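Presented below is the structure to which this report refers.
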Amino acid sequence: MKQTLYLLSFMLFAGFISAAQAPNSIPGEYHLQGVMETASALLLKPDSTFELYFSYGAMDRQGNGKWQFQDGKIILNSRPRPERDFALVTSKIASDDFTTIKIVDSNAQILPFFETLIKTSGGEKYGKMNQEGIFQIPKTKTTGIDLFFTLAPERYTSFPVESDDNYFEFRIEPWIIEIFVENIVLKPEKDGLVGEHPLLKGDAFSYEKMK
């Protein structure tokens with residue numbers, strides 16, 4: 001028992017030393033380089049927190065979390081991503097001849113940027129929401145609904161359906177465009193950082209440190 005406690009204490013102490021030994025030159029603002037039509041910046045703060053910015057097309061996204069320096073590398077982590085980016089508001093049997101998927105939000109301009117995949121016994125039906133946030137197909141037994149946000153393509157939510165309902169109304173959760181980061185690794189180099197990006201494929205992106 002004493003040996004176990006000793007090992008645990010040693011590991012915690014070693015982790016503290018590793019974080020404490022992060023070079024003072026690491027904190028600062030870093031800008032992503034060499035990715036066309038994309039702007040992204042990372043701010044590493046002296047208190048071991050970070051802010052992340054990403055812009056592509058009409059969509060600006062942000063995230064934040066904590067960074068640590070370990071084995072010569074910077075590791076980024078944010079709070080855990082919530083399980084779902086949408087919430088089911090209403091599900092009911094409607095007296096019409098359609099299966100209706102509707103998304104509601106106070107910002108009506110964003111509604112056409114959502115898509116859905118309706119799973120039925122006869123196959124899958126894919127479609128885009130109209131200006132009112134609605135997509136309809138002829139009434140059919142529904143077994144599941146997937147929802148997608150085209151401006152943040154990595155974000156989707158699946159809902160199983162275990163009823164005869166043919167009207168489904170969803171709301172958008174406020175964190176749908178938040179950037180969530182899990183064990184993103186960056187390596188300090190002479191003029192900046194090299195490593196991963198949470199929204200881009202690859203592990204050799206270059207970030208230049210702003211003077």
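Test residue 93 against the criterion of being among the β-branched types (Val, Ile, Thr), modelled with pLDDT under 95, over 28 Å from residue 175 (Cα atoms) and more than 19 Å from the chain's Cα centre (by Cα), and give yes or no.
Working: among the β-branched types (Val, Ile, Thr): yes; modelled with pLDDT under 95: no; over 28 Å from residue 175 (Cα atoms): yes; more than 19 Å from the chain's Cα centre (by Cα): yes.
Here the answer is no, as residue 93 does not meet what is asked.
Taken together, the residues in region 40-92 that are charged (D, E, K, R) and in contact with a helix residue (DSSP H, G or I) (Cβ under 8 Å, 6 or more places away or on another chain) amount to 1. Quick one: is residue 150 more than 17 Å from residue 87 (Cα to Cα), of a type in the set (Ser, Thr, Tyr) and modelled with pLDDT under 95? Yes: the conditions hold for residue 150.
Residue 121 meets the conditions (1) open to solvent by less than 70 Å² (accessible area, probe 1.4 Å); (2) over 15 Å from residue 146 (Cβ atoms); (3) free of Cβ contacts under 8 Å to residues at least 24 places away in the same chain in every case but one. The failed one is (1). Could you check region 96-106 and list, in sequence order, the residues that are open to solvent by 40 Å² or more (accessible area, probe 1.4 Å) and either at pLDDT 95 or above or under 20 Å from the mean Cα position of the chain (by Cα) (or both)? Of everything in region 96-106, those that are open to solvent by 40 Å² or more (accessible area, probe 1.4 Å) and either at pLDDT 95 or above or under 20 Å from the mean Cα position of the chain (by Cα) (or both) turn out to be 96, 97, 98, 102, 104, 105.
Residues in region 131-158 that are open to solvent by 20 Å² or more (accessible area, probe 1.4 Å), over 14 Å from residue 113 (Cβ atoms) and outside any loop (DSSP other than H, G, I, E, B): 136, 138, 143, 158.
Scanning region 168-199 for residues that are assigned to a strand (DSSP E or B), open to solvent by 40 Å² or more (accessible area, probe 1.4 Å) and touching a residue at least 40 places away in the same chain (Cβ under 8 Å) gives 171, 185, 187, 188.
With respect to the stated conditions, residue 171 fails to be under 30 Å from residue 45 (Cα atoms) and not hydroxyl-bearing (Ser, Thr, Tyr).
Rundown of residues vs (1) under 30 Å from residue 56 (Cα atoms); (2) out of contact with any Leu (no Cβ under 9 Å at 6 or more places or on another chain), yes/no style:
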{"position": "108", "(1), (2)": "yes, yes"}
{"position": "117", "(1), (2)": "yes, no"}
{"position": "129", "(1), (2)": "yes, no"}
{"position": "138", "(1), (2)": "no, yes"}
{"position": "160", "(1), (2)": "no, yes"}
{"position": "171", "(1), (2)": "yes, no"}
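Return a yes/no flag: does region 53-63 have any residue that is in contact with a Leu (Cβ under 6 Å, 6 or more places away or on another chain) and either among the small types (Gly, Ala, Ser) or over 15 Å from residue 152 (Cα atoms) (or both). Checking region 53-63: at least one residue is in contact with a Leu (Cβ under 6 Å, 6 or more places away or on another chain) and either among the small types (Gly, Ala, Ser) or over 15 Å from residue 152 (Cα atoms) (or both).
Those residues that are open to solvent by 30 Å² or more (accessible area, probe 1.4 Å), touching a residue at least 24 places away in the same chain (Cβ under 8 Å) and not in a strand (DSSP E or B), I need them from region 84-95; list them, please.
Correct list: 84, 93.
Filter the strands (runs of 3 or more DSSP E) completely within region 5-73 down to those with at least 2 residues that are modelled with pLDDT of 90 or more and open to solvent by 90 Å² or more (accessible area, probe 1.4 Å). Don't jump to the end; show me each part of the working.
On the way: elements: 28-33, 38-44, 49-56, 59-70.
So the answer is 59-70.
Criterion first (over 20 Å from residue 176 (Cβ atoms) and in a strand (DSSP E or B)) does residue 102 satisfy it?
On the way: over 20 Å from residue 176 (Cβ atoms): no; in a strand (DSSP E or B): yes.
Taking the combined requirement at face value, the residue does not satisfy it.
The values are calculated or read from the model by the stated rules, or taken from the named source; none is laboratory data. A quick note: this is a predicted structure, and the numbers were derived from the prediction, not measured. Here Cβ is always computed from backbone atoms with ideal geometry, including for glycine, and neighbour counts include all displayed protein chains. Quick note on the areas: whole protein, heavy atoms, side chains included, nothing else; ligands and nucleic acids left out. Shrake-Rupley method; radii C 1.70, N 1.55, O 1.52, S 1.80 Å.
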